[in-house]
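Reviewing the structure listed below.
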């Protein structure tokens, strides 16, 4: 395991990672590529790309194979081109990305429909594990750009440096003592930032093995954990909701990409005594803080590598994991859109999103407050509340999509009238069997809007 506590030691840690694997014959992917094979692929990609591309070029990484992604990251870290990580691999998504960025090379693990002018590289393995390192290579250069779908379907792009990604990997490996004895199972695909961190970066810096599957259904997750002898689970709140009564033999369980429901956390922790480590952060900020409520941690504790403060009720962070294009103040702090309350110098409580407050009839309405009230109703498993634009006007109406077979919408409406002002009451209240999710385990906002408009 490699760790760092200063800029110099971080540079040394990255240098050591690029020199070669600590355990060449150990499986990087359980039942698949070894660490040695990953480094040979990295060397092959580094050579192939340096021969055909200018230093400023970008390469699309359209892969789900964790070994290929790891090899591409190592090649980029060694001074190779910046990688583009798409939010989807459909022909339309790849064509849109190509038009936006102009990439002419791509790395893929399976045949995909790229624009005809794109040259595709698959497994490029060298005979040696020695990766050629360019003089300009450095952990603070741009390593990749990650594209996210966004709530409106318009892709957003965030840059990530080697320090952003590998720095967080080193921190997590040290903080949670992740070693070559661990096997990591992630239920989030590796082209999502959280999946990338836990199923590619963390194994690379800790010599842990990663499971090849990315299961999402409860029985699949339990079966994969048992089959691969997983010691660490990296999952999301939507998956913990269906795992709440499943017993798994784990050393660590992580949750990110949204707030974990209290009851889901409690029920899973009863079955799995180590509880769940909740990681708070975002694609653009990287990880910020953690808590494990099964250990009595009610509030979030920021990473030791991060400084924080509260500015006008917002959390502001000074962090080595923040994307370089984010605006910072004169002291280097980026202000998030999350409302927090400082509990002491080392802890804070999340109070909801700044953008969860909307206006209806000129009055302020907190959508999270409505959602929390609905979730307390009998039979409600989950709920999404959002502001829907009124046709032909600037005002909004409130819509609520409810998951829960036994939930009674008439009773919910009646109970809401007792605690909410009339203007804050959802005008569209719809019950569904399951709230739509993306492959990343996040709410599919486009599908949710369509359901509420029906």
Legend entry - Residue identified as under 30 Å from residue 185 (Cβ atoms) and in a strand (DSSP E or B) among 94, 144, 73: 144
Inset, instruction - Hey, can you tell me all the residues within segment 341-399 that are assigned to a loop (DSSP other than H, G, I, E, B) and modelled with pLDDT under 85? - result: 361, 362, 390, 391, 392, 393, 394, 395
Inset, instruction - For segment 228-237, state whether one or more residues are in contact with a helix residue (DSSP H, G or I) (Cβ under 9 Å, 6 or more places away or on another chain), over 27 Å from residue 33 (Cα atoms) and either crowded, with 20+ Cβ neighbours inside 10 Å or modelled with pLDDT under 95 (or both). - result: yes
Inset, instruction - Please identify the pairs in which a residue from segment 405-417 that is crowded, with 16+ Cβ neighbours inside 10 Å has its Cβ atom under 6 Å from the Cβ atom of a residue that is in a loop (DSSP other than H, G, I, E, B), counting only partners at least 6 apart or on another chain. - result: 407/379; 407/380; 412/377; 416/425
Inset, instruction - Would you be able to say whether some residue in segment 150-165 is under 16 Å from the mean Cα position of the chain (by Cα), part of a helix (DSSP H, G or I) and in contact (Cβ under 8 Å) with a residue 24 or more places away in the chain? - result: yes
Inset, instruction - For segment 309-323, state whether one or more residues are more than 24 Å from the chain's Cα centre (by Cα), under 30 Å from residue 417 (Cβ atoms) and not assigned by TED's automatic domain parsing to the domain that holds residue 411. - result: yes
Legend entry - Index of the failed condition, residue 181 passing every other in (1) in a loop (DSSP other than H, G, I, E, B); (2) outside the structural domain of residue 40 (by TED's automatic domain parsing); (3) under 20 Å from the mean Cα position of the chain (by Cα): (3)
Legend entry - For residue 207: the one exception among (1) surrounded by fewer than 23 Cβ atoms within 10 Å (Cβ to Cβ); (2) out of contact with any strand residue (DSSP E or B) (no Cβ under 8 Å at 6 or more places or on another chain); (3) at negative phi: (3)
Inset, instruction - Might you check whether a residue that is assigned to a strand (DSSP E or B), surrounded by 20 or more Cβ atoms within 10 Å (Cβ to Cβ) and either on the phi > 0 side of the Ramachandran plot or not assigned by TED's automatic domain parsing to the domain that holds residue 324 (or both) occurs anywhere in segment 131-141? - result: no
Inset, instruction - Report yes if residue 288 is crowded, with 19+ Cβ neighbours inside 10 Å, modelled with pLDDT of 90 or more, within 18 Å of the chain's Cα centre (by Cα) and not in a helix (DSSP H, G or I), otherwise no. - result: yes
Inset, instruction - Given the conditions (1) assigned to a strand (DSSP E or B); (2) in contact with a helix residue (DSSP H, G or I) (Cβ under 8 Å, 6 or more places away or on another chain); (3) crowded, with 18+ Cβ neighbours inside 10 Å, report the number of the one that residue 336 does not fulfil. - result: (2)
Inset, instruction - Given the conditions (1) assigned to a helix (DSSP H, G or I); (2) over 14 Å from the mean Cα position of the chain (by Cα); (3) modelled with pLDDT under 90, report the number of the one that residue 274 does not fulfil. - result: (1)
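The values are calculated or read from the model by the stated rules, or taken from the named source; none is laboratory data. Being a predicted model, the structure only gives us computed values, none of them experimental. Methodologically, a virtual Cβ is constructed for each residue, glycine included, from the backbone with ideal geometry; neighbour enumeration extends over all protein chains shown.
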